[in-house]
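Heads up: the structure comes next, in structure tokens.
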Amino acid sequence: MIQLVRGFRDILPPETSVWQYVESIAKEHFENFGFREMRPPVLEQAALFQRSIGEHTDIVEKEMYTFAGSKDTMLTLRPEATASVVRAYIQHKLYSVDPICKFYTIGPMFRKERPQKGRYRQFHQINAEVFGVDSPYMDAQLIFMLMTYFARLSITGLRAHLNSLGCPECRPAFRQNLSDMLSARTEKLCEDCVRRLDKNPLRVLDCKKESCREAVADAPSMIDFLCGDCKRHFAAVQSVLDRMDVPFEIDTGLVRGLDYYTRTAFEIQTEELGAQNAVAGGGRYDNLVEMLGGPSQPAIGFAVGVDRLVELVEAKFPAFDAGPDVFFVPMGDAAMEMVAQWVCRLADAGIRTEADFSGRSLKALMRRADRMEAKNVLIVGDKEIAENEAVLRNMKTRDQVGVPMDRLVDTVREKVAREEF
Ligand code: AMP
């Protein structure tokens, strides 16, 4: 039997109900903040990610699914969404009418990482990106939108971690300082970090290996190197978050794994997920649009890890998938024929409906209705047909009422809608 590819998984019902819920609240919430959905493809030219994410990152060095396309072009299954949204913003000149654009995307990402709990090779993100605004108020608004999104999903115990990564003015001095310090400690660093020291010393701050963590324990902090503009920008982000009562902490070790970030970087973490504790991450990338051939436009965005978010929501609401509102139990051929149309009409009228045409005993069907957690059962047999009255039974209270068959669809719909039954 052909099995799933390692690191990939099927998302099956009833879990899919949680996915739908999480995605629908995101759409509604983000649209309230003026974001509109964009749907870029999952396949892009490899060069897009190499140039944006950076050559010396885990993603580009070893995690991308890249293969040859036509005419010598290398293609990659997207490992993240930001690069595609930036490409679309540039390619379709979306900035020409109004450079300020806000988009969200929902979909799968692909990274060849070592599979483990909370880490998959196909995972899903909800992304939000804002172009054309450099104001720190946008940074605060985005973090507020993210935290209130989680609150709408009743997720508690989340912490926003915040750092500033500076800009091309002030980052080089920090980089140099960090690189000097780490060059004297290479014996403590892992192979990857030693190799990247020259090109990307900030990545060492992000390495999860114990000896690397020790090597950077007393590392300098970017915040101490911020230029005047970056310092004011970061202070303004914090002051607005304070005013809005968004809890956050400054985390000078937070650098994020991608090269394109500038200024504000943030991550939303939880203690409920074990080692993979980040539910969302994001930050400013003021130079990326220009770097990819577009106009000079600042930008900021974030990505929510949907797989991990779903896990949190499921832990909160274990019985998420509701059973049918009405489960028809037809006894005998005549009843089945009537139920055949009622089940369709009632579903079409917006009632979650189910029917069993197996012809098994009343007891067997009642057991199935119970197992499906049906809220009500509608029993129709020869006796009910003769009396022109079906029996509607509330599975929780065990109350029963008669429903006139000639007005069955309307009567049941009204009762269920009014939660009378
Ligand atoms: P990143 O694009 O790496 O900043 O990731 C943003 C969010 O996506 C993280 O905070 C995670 O919640 C989620 N994420 C990243 N990589 C994976 C993965 N391999 N499996 C599941 N979720 C992931």
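The values are calculated or read from the model by the stated rules, or taken from the named source; none is laboratory data. These figures come from a predicted structure and were not determined experimentally. Here Cβ is always computed from backbone atoms with ideal geometry, including for glycine, and neighbour counts include all displayed protein chains.
Might you let me know whether segment 302-312 holds any residue that is crowded, with 18+ Cβ neighbours inside 10 Å, without any contact (Cβ under 8 Å) to a residue 60 or more places away in the chain, near the ligand (Cβ under 9 Å from one of its atoms) and more than 30 Å from GLN341 (Cβ to Cβ)? Steps first, please.
So in segment 302-312, the residues crowded, with 18+ Cβ neighbours inside 10 Å come out as 302-312.
Of the ones still in play, those that are also without any contact (Cβ under 8 Å) to a residue 60 or more places away in the chain are none.
Within segment 302-312, not a single residue is crowded, with 18+ Cβ neighbours inside 10 Å, without any contact (Cβ under 8 Å) to a residue 60 or more places away in the chain, near the ligand (Cβ under 9 Å from one of its atoms) and more than 30 Å from GLN341 (Cβ to Cβ).
Criterion first (surrounded by fewer than 18 Cβ atoms within 10 Å (Cβ to Cβ), assigned to a helix (DSSP H, G or I) and within 16 Å of the ligand (Cβ to nearest atom)) does ALA334 satisfy it?
On the way: surrounded by fewer than 18 Cβ atoms within 10 Å (Cβ to Cβ): yes; assigned to a helix (DSSP H, G or I): yes; within 16 Å of the ligand (Cβ to nearest atom): no.
Against the criterion (surrounded by fewer than 18 Cβ atoms within 10 Å (Cβ to Cβ), assigned to a helix (DSSP H, G or I) and within 16 Å of the ligand (Cβ to nearest atom)), ALA334 does not qualify.
If only one of ALA364, ALA390, ALA386 is assigned to a strand (DSSP E or B) and without any contact (Cβ under 8 Å) to a residue 24 or more places away in the chain, which one is it?
Exactly one of ALA364, ALA390, ALA386 is assigned to a strand (DSSP E or B) and without any contact (Cβ under 8 Å) to a residue 24 or more places away in the chain, namely ALA390.
Given the criteria in contact (Cβ under 8 Å) with a residue 24 or more places away in the chain, under 24 Å from ARG175 (Cα atoms) and more than 10 Å from the ligand (Cβ to nearest atom), does ARG256 qualify?
Numbers: in contact (Cβ under 8 Å) with a residue 24 or more places away in the chain: yes; under 24 Å from ARG175 (Cα atoms): yes; more than 10 Å from the ligand (Cβ to nearest atom): no.
No, not satisfied.
Listed here are the residues, each with its yes/no results for (1) closer than 28 Å to ILE53 by Cα; (2) touching a helix residue (DSSP H, G or I) at 6+ places or on another chain (Cβ under 6 Å); (3) without any contact (Cβ under 8 Å) to a residue 40 or more places away in the chain; (4) within 16 Å of the ligand (Cβ to nearest atom).
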| site | (1), (2), (3), (4) |
| --- | --- |
| GLN269 | yes, no, no, yes |
| VAL279 | yes, yes, no, yes |
| GLY282 | yes, no, no, yes |
| MET291 | yes, no, no, no |
| GLY294 | yes, yes, no, no |
| ALA322 | no, no, no, no |
| ALA340 | no, no, yes, no |
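Being within 15 Å of the ligand (Cβ to nearest atom) and out of contact with any His (no Cβ under 7 Å at 6 or more places or on another chain): is that true of LEU226 here?
On the way: within 15 Å of the ligand (Cβ to nearest atom): no; out of contact with any His (no Cβ under 7 Å at 6 or more places or on another chain): yes.
It is false that LEU226 is within 15 Å of the ligand (Cβ to nearest atom) and out of contact with any His (no Cβ under 7 Å at 6 or more places or on another chain).
Kindly list, by first and then second residue, each pair from a residue in segment 68-89 that is assigned by TED's automatic domain parsing to the domain that holds GLN50 and more than 18 Å from ARG111 (Cβ to Cβ) to a residue that is crowded, with 20+ Cβ neighbours inside 10 Å and among the β-branched types (Val, Ile, Thr), limited to pairs with Cβ atoms under 9 Å and residues at least 6 apart or on different chains.
Final answer for the pair search is VAL86/VAL289; TYR89/VAL289.
Does VAL240 satisfy being over 22 Å from HIS124 (Cβ atoms) and within 16 Å of the ligand (Cβ to nearest atom)? Can you show your working first?
Numbers: over 22 Å from HIS124 (Cβ atoms): yes; within 16 Å of the ligand (Cβ to nearest atom): no.
For VAL240, the condition - over 22 Å from HIS124 (Cβ atoms) and within 16 Å of the ligand (Cβ to nearest atom) - is not met.
Which of the residues belonging to segment 145-166 are free of Cβ contacts under 8 Å to residues at least 60 places away in the same chain and closer than 21 Å to GLU129 by Cα?
Let us first name the residues in segment 145-166 that are free of Cβ contacts under 8 Å to residues at least 60 places away in the same chain, namely 151, 156.
Correct list: ALA151 only.
In segment 234-253, which residue that is free of Cβ contacts under 8 Å to residues at least 40 places away in the same chain and acidic (Asp, Glu) is surrounded by the most Cβ atoms within 10 Å (Cβ to Cβ)?
ASP242
Got a sec? Which helices (runs of 4 or more DSSP H) wholly within segment 215-320 have at least 3 residues that are under 30 Å from LEU178 (Cα atoms) and over 24 Å from the mean Cα position of the chain (by Cα)? Reasoning before the result, please.
On the way: elements: 228-243, 288-291, 306-316.
In segment 215-320, the matching helices (runs of 4 or more DSSP H) lie at 228-243.
Just to be sure before I move on: is LEU178 assigned to a helix (DSSP H, G or I), closer than 30 Å to PRO247 by Cβ and not polar (S, T, N, Q) in the structure I sent?
On the way: assigned to a helix (DSSP H, G or I): yes; closer than 30 Å to PRO247 by Cβ: yes; not polar (S, T, N, Q): yes.
Yes.
In segment 373-384, which residue that is surrounded by fewer than 17 Cβ atoms within 10 Å (Cβ to Cβ) and in contact with a helix residue (DSSP H, G or I) (Cβ under 8 Å, 6 or more places away or on another chain) is nearest to VAL326 (Cα to Cα)? Give the derivation first.
Our first condition is that a residue be surrounded by fewer than 17 Cβ atoms within 10 Å (Cβ to Cβ); within segment 373-384, this holds for 373, 381-383.
Imposing the further condition that a residue be in contact with a helix residue (DSSP H, G or I) (Cβ under 8 Å, 6 or more places away or on another chain) reduces the set to 381-382.
Values: GLY381: 16, ASP382: 20 Å.
So the residue we want is GLY381.
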